[in-house]
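Each remark here refers to the structure printed beneath this line.
The values are calculated or read from the model by the stated rules, or taken from the named source; none is laboratory data. Since the structure is predicted, the reported quantities are computational estimates derived from the model, not experimental observations. Note: ideal-geometry Cβ built from the backbone for every residue, glycine included; neighbour counts use all protein chains shown.
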Amino acid sequence: MHDVIIIGSGPAALTAAIYTTRANLKTLVIAGGKWGGQLMLTTIVDNYPGFAEGIQGPDLMLAMRKQAERFGTEFVDEDFSEGDLSSSPFKIKAGEKTFEGKSVIIATGADTKWLDVSGEKEKIGKGVSSCAPCDAFFFKNKKVIVVGGGDSAMEEALVLANFANEITVVHRSETLRASQIMQDKAKKNPKIKFIFNTVVTKILGDEKVTGIELKNNKTGEVSKMGLNGVFVAIGHIPNTTKFKGVDMDEKGYIKVKDHTRTNIEGVFVAGDVHDSHYRQAVTAAGFGCMAALDADHFLRGVD
């Protein structure tokens, strides 16, 4: 019997594990076959506090994992398959084994919706990104595109405008989905241009992005554009489909009340699985700390 079972292995999960084990709670992390979260796909991380010269994403996650292990966290490197959260002790299945816990912290994160076009996957971190606040600095005086038409795409374009020389927003339909205020902000910026009714069909370049291939949805015309970066802003998918009985919003993000608590007593949540707004490693870590403290208070009967 574990005091806390943490599902996930990104910054939220590992920070939670550091706090729960330091609170002398018997802690199990269901880390998954590919542990570490989205930072495992990132090269240099320059905005995580404490690393003056930056740090490689996988190195940061390995350091967090070793820290959690030093305090006694147990890890299972199997994918979470199902969880019975209907009553305590909670039963969590990973691989062929079932584990029991007095409390659960869900920190399964959210996956970026990628374009799924030729040349994209192998260039993530090499000119392809889904986070302008993370990577815009690397595109000083460069030419980039943002793919998407919602508020997040406008936000990405506006952040990039502080660094890049030219930003082109490419959207598949003729009207943006973004709120009017965000559209107005982007359209007023002289660095930001728009291409409508167009999709990216290929990302060009050998070692890094050198351009893209575009297709007009209405005319079928195919063209190429030389550039240095592609920012994908077509949404995220929270990893929540395997959880039953937990309240979620219309997009699948877990609803929280009183900071990190879910509608199920003893089940807490941390990171991008509920946070669709910030989606940063440092905020995920902060939520992990909060969830761990809330779980500790729950187990000790403290309000």
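Within region 273-303, being at pLDDT 95 or above and either in contact with a helix residue (DSSP H, G or I) (Cβ under 6 Å, 6 or more places away or on another chain) or part of a loop (DSSP other than H, G, I, E, B) (or both) holds for 273, 274, 284, 285, 287, 288, 289, 291, 292. In region 224-253, how many residues are free of Cβ contacts under 8 Å to residues at least 40 places away in the same chain and either in contact with a Lys or Arg (Cβ under 8 Å, 6 or more places away or on another chain) or not assigned by TED's automatic domain parsing to the domain that holds residue 148 (or both)? Final tally of qualifying residues: 7.
Restricting attention to region 1-43 and to residues that are free of Cβ contacts under 8 Å to residues at least 40 places away in the same chain and under 20 Å from the mean Cα position of the chain (by Cα), the residue that is surrounded by the fewest Cβ atoms within 10 Å (Cβ to Cβ) turns out to be 34.
Taking the criterion of being surrounded by fewer than 15 Cβ atoms within 10 Å (Cβ to Cβ), outside any strand (DSSP E or B) and touching a residue at least 12 places away in the same chain (Cβ under 8 Å), would at least one residue in region 144-151 satisfy it? No; the residues of region 144-151 include none that is surrounded by fewer than 15 Cβ atoms within 10 Å (Cβ to Cβ), outside any strand (DSSP E or B) and touching a residue at least 12 places away in the same chain (Cβ under 8 Å). Examine region 226-236 for a residue that is part of a strand (DSSP E or B), at pLDDT below 95 and either among the aliphatic types (A, V, I, L, M) or over 20 Å from residue 103 (Cβ atoms) (or both), and state whether such a residue exists. Yes, that holds for at least one residue.
Would you check which residues across region 154-169 are more than 14 Å from residue 139 (Cα to Cα) and either touching a Gly at 6+ places or on another chain (Cβ under 6 Å) or crowded, with 24+ Cβ neighbours inside 10 Å (or both) and list them? 154, 169 - these are the residues of region 154-169 that are more than 14 Å from residue 139 (Cα to Cα) and either touching a Gly at 6+ places or on another chain (Cβ under 6 Å) or crowded, with 24+ Cβ neighbours inside 10 Å (or both).
Would you mind stating whether residue 287 is out of contact with any strand residue (DSSP E or B) (no Cβ under 6 Å at 6 or more places or on another chain) and buried (at least 21 other Cβ atoms within 10 Å of the Cβ)? The answer is yes for residue 287. The single condition among (1) charged (D, E, K, R); (2) surrounded by fewer than 16 Cβ atoms within 10 Å (Cβ to Cβ); (3) farther than 28 Å from residue 270 by Cα that residue 121 does not satisfy is (3).
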